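So the structure is just underneath, and the comments pick up after that.
The values are calculated or read from the model by the stated rules, or taken from the named source; none is laboratory data. Just so it is clear, the model here is predicted, and its values are computed rather than measured. All Cβ positions, glycine included, derive from the backbone under ideal geometry; neighbour counts span all protein chains shown.
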Protein chains: 2
Amino acid sequence: MTRRTGRRPGDADTRGDILVVARRRFARDGYDATSLRGIAREAEVDPALVHHYFAGKAQLFEAALALPFDAPSVVAHVLDGPVDGVGERLARTFLQVWDGPGSEHLEALLRSAAANEHAARMLREFMTDAVLREIAGSLDADEPELRAGLCAAQLVGVALLRRVLHFDALVTPDAEELIGWLAPTLQRYLTATGPTDGSP
Amino acid sequence: MTRRTGRRPGDADTRGDILVVARRRFARDGYDATSLRGIAREAEVDPALVHHYFAGKAQLFEAALALPFDAPSVVAHVLDGPVDGVGERLARTFLQVWDGPGSEHLEALLRSAAANEHAARMLREFMTDAVLREIAGSLDADEPELRAGLCAAQLVGVALLRRVLHFDALVTPDAEELIGWLAPTLQRYLTATGPTDGSP
């Protein structure tokens, strides 16, 4: 391997080099155990340069896997508004991402995770750390991890049946119809006082 | 291939031969397009013998894939009782099967379906025809396919996160805790008058 320490920061493929290393490290070590510093070292670039190109670990992960969304923005958007609308905002954001451009990369990640334990861990840790815990933890309810897990189960199930397994019943409806059904479920998971509290 | 038309019905491996052919046909042609008659022809046994060993197509499918449940019994059990308990009976039955012996075959099927379009079609058609449409269609509600699809999305999502992706938040709780959360969701999907009708 050629040493590149003499290369100017900002070389055309520095960003690409970082992404190649990041993709390999996330896949091998999972999301939690991968650090921006370790990626910088392996890519032989200054850590500051990683931060120059990517705002944080979540953004680097999304870029490395070509995921069509930005976790901090998604979280901020879902939490921005009245608490009794959080289920609907989560359902709508999720379906917009999955019905939008670039979602084939999400499909690929979901397929990989189902087939491969390394990919499963990577997806699990990213979703838990960067998205779900943030949303559930910001709401004032007990058992935030379980609530986040239930939302994830509902939403990942919809994505799997709609986009990977192609269940007609979930392919045919438009996003608004699905949001109508899913929003009260997610709302209950995130904000109900307990499992049998049916009110939003 | 040796002709076996002279073999006695009831030969020790006749049932096994039928299962081998069935597994191949279901995987290649899907659940809907596979007939017991076609399987009998390819296995070179009398169709009556297939019926002797297997009560119907669903049972042959389950045996061929070593699935740890019997679809008609599951459907009958879920429908047997007050309508306002159907969500809980569905959640409990599903989790019992997935937490019970032989569920590694369900895991294998779910992994295959995520990775492979043939397996996806097979799983989709079996679940839709043999389980979900039966349950949703027996209840007096509009859009039975969509309702069944929403239940499937919720339950398959739980199975995926609990058994394949190993999300801690869904691995840690015992079945009863999950049933408490899932039952009202499934109940609403199956029996609510519309998406925003929150009452069971």
Restricted to segment A:13-23 and to residues being charged (D, E, K, R) and either touching a Phe, Trp or Tyr at 6+ places or on another chain (Cβ under 6 Å) or surrounded by 15 or more Cβ atoms within 10 Å (Cβ to Cβ) (or both), the residue nearest to A:R121 (Cα to Cα) is A:R23
All conditions in (1) at pLDDT below 95; (2) facing another protein chain (nearest Cβ under 9 Å); (3) closer than 17 Å to A:E177 by Cβ are true of B:A153 except (1)
Just one listed residue, out of A:E125, A:E104, A:E134, is free of Cβ contacts under 8 Å to residues at least 12 places away in the same chain, more than 8 Å from every other protein chain (Cβ to nearest Cβ) and not aromatic (F, W, Y), and it is A:E104
The residue from B:A55, B:A66, B:A76 that alone is out of contact with any Ser or Thr (no Cβ under 8 Å at 6 or more places or on another chain) and in a helix (DSSP H, G or I) is B:A76
B:V45: passes all of (1) in the same structural domain as B:W181 (by TED's automatic domain parsing); (2) outside any helix (DSSP H, G or I) but (1)
Counted residues in segment B:159-171 being touching a residue at least 12 places away in the same chain (Cβ under 8 Å), more than 7 Å from chain A (Cβ to nearest Cβ) and hydrophobic (A, V, I, L, M, F, W, C) come to 1
| said: I'd like to check something: does segment A:142-158 contain any residue that is in contact (Cβ under 8 Å) with a residue 40 or more places away in the chain and either surrounded by fewer than 23 Cβ atoms within 10 Å (Cβ to Cβ) or more than 21 Å from B:A169 (Cβ to Cβ) (or both)? | reply: no
Of those in segment A:82-98 that are in a helix (DSSP H, G or I), over 16 Å from the mean Cα position of the chain (by Cα) and not small (G, A, S), the residue surrounded by the fewest Cβ atoms within 10 Å (Cβ to Cβ) is A:D84
Quick count over segment A:172-194, residues being assigned to a helix (DSSP H, G or I), more than 9 Å from chain B (Cβ to nearest Cβ) and surrounded by fewer than 23 Cβ atoms within 10 Å (Cβ to Cβ), is 3
